[in-house]
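Undergrad: Starting off with a structure, shown below.
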Amino acid sequence: MQNTRKITDSIIWIGANDRRIALFENMFPVDRGVSYNSYVILDEKTAVLDTADSEVTQQFLENVKRTLNGRDLDYIVVNHMEPDHCANIETLMRLYPGAKVVGNAKTFQMIEQFYDMDLADRTVTVKEGDVLDLGAHKLQFVFAPMVHWPEVMMAYEQTEKILFSADAFGSFGAVDALFNDEQDCPFADLAEMRRYFSNIVGKYGPQVQAVLKKAAGLDIAMICPLHGQIWKKDIPQLLEKHDKWSRYEAEEKAVAIFYGSMYGNTAEAAEILASMLAEAGVKNVAVYDVSRTHVSFLISEIFRCSNLVLAAPTYNNGLYSPMANLLEDMKALNLQNRKVSIIENGSWAPQAGKIMREKVSALKGMEILETCVTLKSSLKKEQMETLQKMCGEIVESLKD
Ligand code: FEO
């Protein structure tokens, strides 16, 4: 059966949810699934904007056929060539032999890399600012390289003022309410949006800033991304969140404590520090065991919080590997501008603190707070004062 939603009289969502998927990109846990958004514009000419993942092909094709309702398809616009959005291009080309594929020079390079399609006489190559005239609807192409791949472009529909934003402004999670004004709290899925942003495009802050500058020059009534909800309201707040994240500015003055612990001793120090912070009046302290929580959630919390506490044991004369993995991911995602406190453990030759310090110092704009706690196997009574000092230092730094 067709499962589509009208965005306007002539623009229709033809995407699909995948609630069975366990790992997005075979890497990120998505307990609430993911949506693959695709759109049709019905005008003098018809256009499908991006396709969908192969896991939802059946639903997607049903949606296309029913929505076109016997009409031919004129254009397949490819804003992003990642397989979760382009897996059905070839099938659409076969089903609609008159359809042309619209992309930029890089799009077509990638189509050739991924597939063996015969594109002869079936391409329309666009450049930044070009307009595809569908009749009453006109798609203006706004390039968004590296948000999240080099070929990415957005399409701004000038008449109804809709920005088809590709991976920008997307989210993990299948969509229960497709339009963000269909739920009481328009930012109900903020955590999953932040996790999507931080892990998928977090590395490309400057490129997201470039997109935000381009978006500022457009009169936008609605944002239609490739994943997650369609934004009908609160667009300024949505842009503001992305502005903050892409500047690597903390979203909140808040503390997240990340600990690795083999036998519970480093965990004990982390938990006691969390209690000290709460007693000192710090709200919403978040504590994570880096061995238990997938790194994508930790990265997302780092994008949210101004202050981080890293606590880990020494292992193989190096750093406990789940913490090393978190620090590698922080580097890969270009994380910057946080205040960091360090707790290390080492039963005979503590190394973890030195390594964490080096890795954090290599990131831009990081400030390591002075007090470091060194555990020799376990926290001792006489170290409570040092831990309390660390707590006081964090409380003070939150006031900056
Ligand atoms: Fe969902 Fe970068 O693709």
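Undergrad: Answer yes or no: is there a residue in the stretch 229-241 that is farther than 30 Å from Val395 by Cβ, in contact with a Ser or Thr (Cβ under 7 Å, 6 or more places away or on another chain) and at pLDDT 95 or above.
TA: The answer is yes, given that some residue of the stretch 229-241 is farther than 30 Å from Val395 by Cβ, in contact with a Ser or Thr (Cβ under 7 Å, 6 or more places away or on another chain) and at pLDDT 95 or above.
Undergrad: Does the stretch 192-204 include one or more residues that are closer than 22 Å to Gln158 by Cβ, more than 14 Å from the ligand (Cβ to nearest atom) and out of contact with any strand residue (DSSP E or B) (no Cβ under 6 Å at 6 or more places or on another chain)?
TA: Just the residues of the stretch 192-204 that are closer than 22 Å to Gln158 by Cβ, to begin with: none.
No, every residue in the stretch 192-204 fails to be closer than 22 Å to Gln158 by Cβ, more than 14 Å from the ligand (Cβ to nearest atom) and out of contact with any strand residue (DSSP E or B) (no Cβ under 6 Å at 6 or more places or on another chain).
Undergrad: Moving on to the next point. For the subset of the stretch 155-167 comprising residues that are open to solvent by less than 10 Å² (accessible area, probe 1.4 Å) and within 17 Å of Leu238 (Cα to Cα), which member is nearest to the ligand (Cβ to nearest atom)?
TA: Asp167
Undergrad: Going by the conditions given, is Gln207 over 13 Å from the mean Cα position of the chain (by Cα), within 16 Å of the ligand (Cβ to nearest atom) and either open to solvent by 40 Å² or more (accessible area, probe 1.4 Å) or at pLDDT below 95 (or both)? If you could, list the steps in order and put the result at the bottom.
TA: Working: over 13 Å from the mean Cα position of the chain (by Cα): yes; within 16 Å of the ligand (Cβ to nearest atom): yes; either open to solvent by 40 Å² or more (accessible area, probe 1.4 Å) or at pLDDT below 95 (or both): yes.
Yes.
Undergrad: Of all the strands (runs of 3 or more DSSP E) wholly in the stretch 80-173, which have at least 1 residues that are under 18 Å from the mean Cα position of the chain (by Cα)? So that I can check it myself, show each step before the final result.
TA: Values: elements: 100-103, 123-125, 131-133, 138-143, 153-157, 162-166.
Where strands (runs of 3 or more DSSP E) fall fully within the stretch 80-173 and carry at least 1 residues being under 18 Å from the mean Cα position of the chain (by Cα), they are 153-157, 162-166.
Undergrad: Moving on. If I ask for residues that are open to solvent by 10 Å² or more (accessible area, probe 1.4 Å) and either touching a residue at least 40 places away in the same chain (Cβ under 8 Å) or within 16 Å of the ligand (Cβ to nearest atom) (or both), which ones from the stretch 138-154 would you list?
TA: Phe143, Pro145, Met146, His148, Trp149, Pro150
Undergrad: Take Ala349 and tell me if it is on the phi < 0 side of the Ramachandran plot, surrounded by 22 or more Cβ atoms within 10 Å (Cβ to Cβ) and either at pLDDT 95 or above or assigned to a loop (DSSP other than H, G, I, E, B) (or both). Don't jump to the end; show me each part of the working.
TA: On the way: on the phi < 0 side of the Ramachandran plot: yes; surrounded by 22 or more Cβ atoms within 10 Å (Cβ to Cβ): no; either at pLDDT 95 or above or assigned to a loop (DSSP other than H, G, I, E, B) (or both): yes.
No; evaluated as a whole, the condition is false for this residue.
Undergrad: Inside the stretch 12-56, counting only strands (runs of 3 or more DSSP E) that do not spill past its ends, which hold 1 or more residues that are of a type in the set (Asp, Glu), within 21 Å of the chain's Cα centre (by Cα) and surrounded by 21 or more Cβ atoms within 10 Å (Cβ to Cβ)? Even if it seems obvious, please write down each step before you answer.
TA: Working: elements: 16-18, 34-36, 39-42, 46-49.
In the stretch 12-56, there are no strands (runs of 3 or more DSSP E) which contain 1 or more residues that are of a type in the set (Asp, Glu), within 21 Å of the chain's Cα centre (by Cα) and surrounded by 21 or more Cβ atoms within 10 Å (Cβ to Cβ).
Undergrad: Now for a different question. Take the stretch 212-268 and flag every residue that is touching a residue at least 60 places away in the same chain (Cβ under 8 Å), farther than 23 Å from Gly365 by Cα and charged (D, E, K, R).
TA: Lys214, Glu268
Undergrad: Can you name the residue in the stretch 168-188 that is in contact (Cβ under 8 Å) with a residue 40 or more places away in the chain, under 22 Å from Ala22 (Cα atoms) and away from the ligand (no atom under 16 Å from the Cβ) and, of all such residues, is surrounded by the fewest Cβ atoms within 10 Å (Cβ to Cβ)?
TA: Ala177
The values are calculated or read from the model by the stated rules, or taken from the named source; none is laboratory data. Predicted model, so just to flag it, every value in this text is computed and none were measured. Methodologically, a virtual Cβ is constructed for each residue, glycine included, from the backbone with ideal geometry; neighbour enumeration extends over all protein chains shown. Protein only, heavy atoms only, side chains kept; ligands, DNA and RNA dropped before computing areas. Shrake-Rupley method; radii C 1.70, N 1.55, O 1.52, S 1.80 Å.
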